[in-house]
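The structure appears below as structure tokens.
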Amino acid sequence: HGDFMNCKKGITAYQLKVIAIVAMTFDHIAWMWVPVVSLPGQCMHIIGRITAPVMCYLLAEGYIHTHDIRKYTLRLGLFAVVSAFAFYLFERRAGMADGGISLGMIYTLFLALLAIRTYDSHIGEIKKSLIIAALFLLSLLGDWAGIGLIWPLMLYVYREDKKAQLKLLMYTSTLFAALLALDGAISKPECPYISLFQFGMLSAIPLIGAYNGALGGKRGGKWFFYVYYPAHLLLICLVDYLL
């Protein structure tokens, strides 16, 4: 754990989190008030795509470096519940809901943590596979459905090989973005470029590559990031209501 605590050249975990939440805030502001077919909307969503890969990477790192996995799991589970309500309200306020239910990103990350714990457990391989498959299906109810569980698990499995992590992240991000862009073009043929912003997730890769393994920031800072997710969603909803 020594390398994780010592500051070295590059980006710390704390700095990565700050970048991720700033990008996320741009993204959510755009979903609420900026048309996605506009240049500002596309630019803000490109920035916003940084968040998910970075948070998935930090979840895997958090699992590796946590001193108490039970507390870590409980904390993430608690905020998954709180954030689910906030995200539900936000999606409906922003007109993003398509009749389905999305329980937010913290929910997806919580399931990803359970998947990593399952992978690391000493139960049989068949049981592991069945549990992880069930968690994957449950993740389809969350934001960044499916891929938000695959990324942290994949990054944890290849935790000893940073180059392999970055390559796999690049391949999966490109494929995922291409599928979303194609879906956007098919569903909105009058505006085929509507989902091209999804390729912005590739910009998270050099940031993760610059991560130096240091924690950075203050010890109490972790609570700020947990609270910020539901709080900023509710604040955006409140501002929209008042406007």
Subject >> log10 of Debye I(q)/I(0), alpha-carbon scatterers only, for the range 16-70 at 0.15, 0.25, 0.26, 0.32 Å⁻¹ >> reply: -0.49, -0.87, -0.91, -1.12
**OP:** Taking all protein chains together and a probe of 1.4 Å, list Val22, Val34 from the most accessible to the least accessible.
**Re:** Val22, Val34
Original post:
What pairs from Lys163/Lys222; Lys128/Lys188; Lys127/Lys222; Lys128/Lys162; Lys9/Lys128; Lys17/Lys188 go past 29 Å between their alpha carbons?
Top reply: Lys128/Lys188; Lys127/Lys222; Lys9/Lys128; Lys17/Lys188
**OP:** Just check the range 28-155 against the gyration tensor rule for me: Cα atoms, a ≥ b ≥ c as the square roots of the eigenvalues, rounded for a/c under 1.5, and otherwise prolate or oblate depending on whether a/b exceeds b/c.
**Re:** prolate
Subject >> Residue-level accessible surface for Lys222, protein heavy atoms, 1.4 Å, Å² >> reply: 80 Å²
Original post:
With contacts defined as alpha carbon pairs under 8 Å and 6 or more residues apart, what's the relative contact order of the range 167-243 in percent?
Top reply: 22 percent
**OP:** Springs between alpha-carbon atoms under 10 Å, Gaussian network over the chain: tell me which of Ile194, Ile123, Ile205 tops the mean-square fluctuations.
**Re:** Ile123
**OP:** Please find, in a Gaussian network model of the chain (springs between Cα atoms separated by less than 10 Å), the residue of Pro53, Pro40, Pro189 whose mean-square fluctuation is greatest.
**Re:** Pro189
**OP:** Can you tell me the relative contact order of the range 59-142? Whole percent, Cα pairs under 8 Å, sequence separation 6 or more.
**Re:** 31 percent
Subject >> Order of exposure, largest accessible area first, which applies to Ile50, Ile208, Ile126 with probe 1.4 Å >> reply: Ile126, Ile50, Ile208
**OP:** At 0.36 nm per residue, minus the direct Cα-Cα distance, what do Lys188 and Leu242 gain on full extension? Give it in nm, one decimal, please.
**Re:** 16.3 nm
Original post:
What accessible surface, in Å², does a 1.4 Å probe find on Leu153, ignoring ligands, DNA and RNA and rounding to the nearest 10?
Top reply: 30 Å²
Subject >> Residues of the chain: accessible area per residue with a 1.4 Å probe, Å² >> reply: 52 Å²
**OP:** May I ask for the percentage of alpha-carbon pairs in the range 198-243 that lie more than 13 Å from each other?
**Re:** 73 percent
Original post:
Using a 1.4 angstrom probe with every protein chain in place, what is the largest-first accessible-area order of Met24, Met55?
Top reply: Met55, Met24
Original post:
Using the membrane-span-like helix rule (whole DSSP H runs, Cα extent along the own axis of at least 18 Å, mean Kyte-Doolittle hydropathy at least 0.5), which helices of the chain qualify?
Top reply: 13-33, 51-65, 69-93, 105-120, 125-139, 162-187, 221-242
Original post:
Can you give me the relative contact order of the chain as a percent, contacts being Cα pairs under 8 Å and 6 or more apart?
Top reply: 33 percent
Original post:
Using 1/(1 + (r/R0)^6) with R0 = 30 angstrom and r between the beta carbons of Glu125 and Tyr171, what's the FRET efficiency to the nearest 0.05?
Top reply: 0.75
Original post:
What shape does the range 104-243 take by its C-alpha gyration tensor, where a ≥ b ≥ c are the square roots of the eigenvalues and a/c under 1.5 counts as rounded, a/b above b/c as prolate, and the rest as oblate?
Top reply: rounded
**OP:** Would you check the accessible area of Trp144, probe 1.4 Å, heavy atoms only, in square angstrom rounded to 10?
**Re:** 30 Å²
**OP:** Name the long-range amide H neighbours of Leu103: under 5 Å, sequence gap of 5 or more, or other chain; modelled H, no Pro or chain starts.
**Re:** Gly142, Asp143
Subject >> Fraction of the pair-distance distribution of the chain above 35 Å, Cα-Cα pairs, percent >> reply: 11 percent
**OP:** Could you list which residues have their amide H under 5 Å from that of Ile11, counting only those 5 or more apart in sequence or on another chain, with H placed in the peptide plane?
**Re:** Tyr211, Asn212
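The values are calculated or read from the model by the stated rules, or taken from the named source; none is laboratory data. Source: prediction; values computed, not measured. Because the Cβ atoms are built from the backbone with ideal geometry, glycine has one as well, and the counts that use them run over all protein chains shown. Remember, those area values only see protein heavy atoms, side chains included, never the ligands or the DNA or RNA. Shrake-Rupley method; radii C 1.70, N 1.55, O 1.52, S 1.80 Å.
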